[in-house]
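Reviewing the structure listed below.
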Amino acid sequence: MNEHDTRPADRDPAQHETGGRDTRRHDNGAQVSTGIETAGVPDAAIPELVIISGMSGAGRSTAAKCLEDLGWFVVDNLPPALIPTMVELGARSQGNVARIAVVVDVRGRRFFDNLRESLADLDHKGVTRRIVFLESSDEALVRRFESVRRPHPLQGDGRIVDGIAAERELLRELRGDADLVIDTSSLNVHELRAKMDAQFAGEEEPELRATVMSFGFKYGLPVDADLVVDMRFLPNPHWVPELRPYTGLNEEVAGYVFNQPGAKEFLDRYTELLRLVAAGYRREGKRYVTIAVGCTGGKHRSVAMSEKLAARLAAEGVETVVVHRDMGRE
């Protein structure tokens with residue numbers, strides 16, 4: 001997230017203006033959003049639930065506001081122990097509350113130990129729930145907190161980086177359980193909203209969504225990757241003078257890459273492997289997967305392979321988005 005507004009002192013550093021959203025603050029600190037639109041839901045239906053969590057300053061508030069704009073009933077800073085109660089109230093709303101998003105963060109850390117128990121309770125009741133985790137690099141988080149001149153909620157008498165480290169450790173297990181991890185280190189507000197829209201704006205939830213991301217190893221591994229593959233076993237078009245200025249989107253560069261020994265075989269076999277993995281993800285109820293395809297600079301080999309791999313996945317019925325993280329950075 002690269003854009004920031006001037007905002008009240010009690011807001012998330014990544015939160016921007018709410019555009020007039022109507023919220024009511026309860027005694028426990030929860031802010032319950034009103035003005036939802038969930039028409040056409042059957043009576044006594046169990047609401048769909050999304051839990052938004054992640055690092056302070058990574059964009060939780062922006063993600064929540066995006067879901068609110070899509071018609072979700074949004075509850076900010078609800079103690080985790082009250083999540084099942086919130087779902088039960090939604091089920092009694094005669095279809096008026098069909099989709100609930102709950103923001104859980106370290107402001108409610110004394111309640112945080114109850115989250116796992118609440119999640120188990122929801123699973124027992126057959127509630128469809130997903131966890132969205134907002135991640136960001138330490139450098140980006142420090143920059144955001146400094147830009148709004150606010151301390152990190154967990155830093156105490158220490159530095160901002162101390163608070164970030166403490167929060168990262170506290171949320172480690174939850175991050176591992178997340179259905180969707182979004183790294184906002186290099187995203188602005190509009191790009192984060194676009195990612196949320198891509199995942200939640202559709203009327204029907206697909207079985208599996210995949211993001212295929214090309215990247216350059218010299219710029220670091222994507223922190224939100226579920227699977228990582230390395231294309232550096234193929235010759236680098238960078239060392240071919242006539243191909244160097246172009247990217248893997250260029251037909252000549254792609255042709256060079258896939259004419260190398262092992263390139264087509266890798267694509268075929270990795271597609272087979274992903275078919276196996278995708279079937280397992282579906283059985284386990286995992287709806288999102290990020291596949292990171294790397295080469296040295298993220299310009300030639302990884303881009304060409306990502307495009308072909310995404311096309312294969314789409315042909316398999318997987319809704320696929322291609323992102324070229326580092327293309328153009330040179």
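The values are calculated or read from the model by the stated rules, or taken from the named source; none is laboratory data. Every value quoted in this text rests on a predicted model; they were computed, and no experiment measured them. Reconstructed Cβ throughout: ideal geometry from the backbone, glycine too, with neighbour counts over all protein chains shown. Heads up: the accessible areas ignore ligands, DNA and RNA and are worked out on the full protein's heavy atoms, side chains in. Shrake-Rupley method; radii C 1.70, N 1.55, O 1.52, S 1.80 Å.
Numbers at a glance
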read-out: Verdict on residue 317 being touching a residue at least 60 places away in the same chain (Cβ under 8 Å), under 24 Å from the mean Cα position of the chain (by Cα) and open to solvent by 30 Å² or more (accessible area, probe 1.4 Å); value: yes
read-out: Test set (1) buried (at least 18 other Cβ atoms within 10 Å of the Cβ); (2) in a loop (DSSP other than H, G, I, E, B); (3) at pLDDT 95 or above; (4) not aliphatic (A, V, I, L, M) - residue 214 fails condition number; value: (2)
read-out: Criterion (in contact (Cβ under 8 Å) with a residue 12 or more places away in the chain, aliphatic (A, V, I, L, M) and in a loop (DSSP other than H, G, I, E, B)) met by exactly one of 253, 257, 223, 228; value: 223
read-out: Selection status of residue 198, open to solvent by less than 60 Å² (accessible area, probe 1.4 Å), in a helix (DSSP H, G or I) and at pLDDT 85 or above; value: no
read-out: Qualifying residues in region 132-156 (those that are open to solvent by 60 Å² or more (accessible area, probe 1.4 Å) and over 15 Å from residue 171 (Cα atoms)) - the one nearest to the chain's Cα centre (by Cα); value: 139
read-out: Output for region 53-70, where each listed residue is within 20 Å of residue 179 (Cβ to Cβ) and small (Gly, Ala, Ser); value: 53, 54, 58, 59, 61, 63, 64
read-out: Test: residue in region 179-187 that is out of contact with any helix residue (DSSP H, G or I) (no Cβ under 9 Å at 6 or more places or on another chain), over 13 Å from residue 106 (Cβ atoms) and either hydrophobic (A, V, I, L, M, F, W, C) or not in a strand (DSSP E or B) (or both); value: yes
read-out: Residue that is in contact with a helix residue (DSSP H, G or I) (Cβ under 7 Å, 6 or more places away or on another chain), buried (at least 17 other Cβ atoms within 10 Å of the Cβ) and within 22 Å of residue 284 (Cα to Cα), where the choices are 175, 129; value: 129
read-out: Checklist (1) part of a helix (DSSP H, G or I); (2) of a type outside the set (Gly, Ala, Ser); (3) open to solvent by less than 60 Å² (accessible area, probe 1.4 Å); (4) at pLDDT below 95 applied to residue 282, failing item; value: (3)
read-out: Residue, farthest from residue 249 (Cα to Cα), within region 285-314, restricted to residues that are open to solvent by less than 40 Å² (accessible area, probe 1.4 Å) and of a type in the set (S, T, N, Q); value: 290
read-out: Residue ranges of helices (runs of 4 or more DSSP H) in region 47-160 with at least 2 members within 25 Å of residue 190 (Cα to Cα) and either in contact with a Leu (Cβ under 8 Å, 6 or more places away or on another chain) or touching a residue at least 60 places away in the same chain (Cβ under 8 Å) (or both); value: 60-69, 138-148
